[in-house]
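A short worksheet on the structure shown next.
Derivation of every value follows stated rules applied to the coordinates shown; laboratory data play no part. Being a predicted model, the structure only gives us computed values, none of them experimental. Cβ placement follows ideal geometry from the backbone for every residue including glycine, while neighbour counts extend to all protein chains displayed.
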Amino acid sequence: MKAIPSTRRSPWLTSLFQALSTRDEHAGFSTTLAIYIARQFMLSTLSMVLALTGLVSLFDFIDLLRRAATRPNVPTSLIVKIAALHVPYYIIYVLPFGILLGGIVCFSRLTRSSELIVARAAGISAWQFLASPLACALLTGLLTTTGISALSSTMFRSAEMLDQTYLRTGGGPLTLNGGALWLRQSDDGLVPHGVAILHAQDVHLIHGELKVSGVSIFRLDDRDRLIVRVEAPEGALGDHQWILHGTSVLHPDHLPQQIGDMTLPSDLSVGRVQESFASPDTLSVFALPGFINLLERSGFPSIRHRLHFQSLLALPILAGTMALVSAGFSMRPTRRGGVARMLGSGIAAGFALFTISKVAEQFGESGALPPVLAAWAPTGAGLCLAVALLLHMEDG
């Protein structure tokens, strides 16, 4: 057998091969190597996430400057503040691609330096040394879902309020001016487990108070049978109650009866009604389930909120999937050729997965797909791709 020239040897690779070759058969995978690969993976991933976030934030800042150019009373410091408040939101947005690109950089560098080749020559399978990067990706996604999403929702809500106040001209998701309002809420005032359906012909948000006119309320029992109908020319939403003026009550087979002012308890508040028209990104993963239930009880559409909630739940699995995809496209030995093509294919696969997720999201918002399927289908497709690539690389 022809000896490998000494100029191609590395002391680090020689010691690594000896350590792995002489390890105890029952000791399993080397903890030192696992920590080393996890550290390299996290450094590459975090660097890529920060770089992508900075790039997207720069374009966002330029767009805010463009919008503020026609408003001389808006200072640059306010634009900087709004852009800074968007940063956690963009971290969540670019996280899967940061893990994909960071993983490709990490694994391709370890392959070029022959460190992964030596590990595999010592009998360590790809599934073993990918366990630590996969665990890091899952933990990063879990931390993002539970921690950064809560911070992002608070900061994004503040940014939306500043944007609405200083940069937008009338209308917007945080205003209610004109139009009709339909909502359904629980009503235990007449019978247990009753329901009240409210319809207002005109709605206005004036100085933080929700004013309604042309109000009709249908109070039903638990079997949706009409108990009484309430009519009022005007009213307002107070602190968890509807306040109606000049109210008349119509019982079945009875003449209308004037009762003057009337209050009806409600789960809603002005803030909750505003939030129902705001972006789901202004709510954390912990607040979304309760708010979705409130929207469904009140008759507001909750598809966007349910889709966003499922997307946050799928984020850790998507992060792990991107780590596996990056490994499948970047661990090809350089001596076999076609490395650049494989790396390009990995990046193309990541963007294809992004396109599929956006298309599925549009189908989910339109109601063509259930929110659970729209949020989890791209993640499942990417996971199948990653597992197929690794099986082909390891056992094919």
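Phi-derived couplings, Karplus 6.51 cos²θ - 1.76 cosθ + 1.60 at θ = phi - 60°, listed residue by residue for the range 318-326: 5, 5, x, 5, 5, 5, 5, 4, 4 Hz, with x used for Gly and Pro.
Between amide H atoms placed 1.01 Å from N, distances below 5 Å from residue 203 occur with 178, 179, all of them 5 or more places distant or on a separate chain.
As a rough guide to protection, the peptides 106-113, 73-80, 283-290, 94-101 ranked by mean Cβ packing within 10 Å, highest first, stand as 94-101, 106-113, 283-290, 73-80.
The H on the amide N of residue 187, modeled in the peptide plane, is under 5 Å from the matching H of 194, 195, 196, each at least 5 residues off or on a different chain.
So, by mean Cβ neighbours within 10 angstrom, what's the order for 180-193, 303-316, 30-43 with the highest one leading?
Working: 180-193: 14.2, 303-316: 20.9, 30-43: 17.3.
Answer by packing, highest mean first, reads 303-316, 30-43, 180-193.
3J(HN,Hα) couplings calculated from phi for the range 88-98 with the Karplus curve 6.51 cos²θ - 1.76 cosθ + 1.60 (θ = phi - 60°) are, in sequence order, x, 4, 6, 4, 4, 5, 9, 3, x, 6, x Hz; Gly and Pro show x. Selection among 154, 102, 143 by position relative to the dipole of the range 81-173 gives 102 as farthest towards the positive end (Cβ unit charges, Cα centre). The packing ranking of peptides 82-90, 361-369, highest mean first, is 82-90, 361-369, where packing means the average number of other beta carbon atoms within 10 angstrom of each residue.
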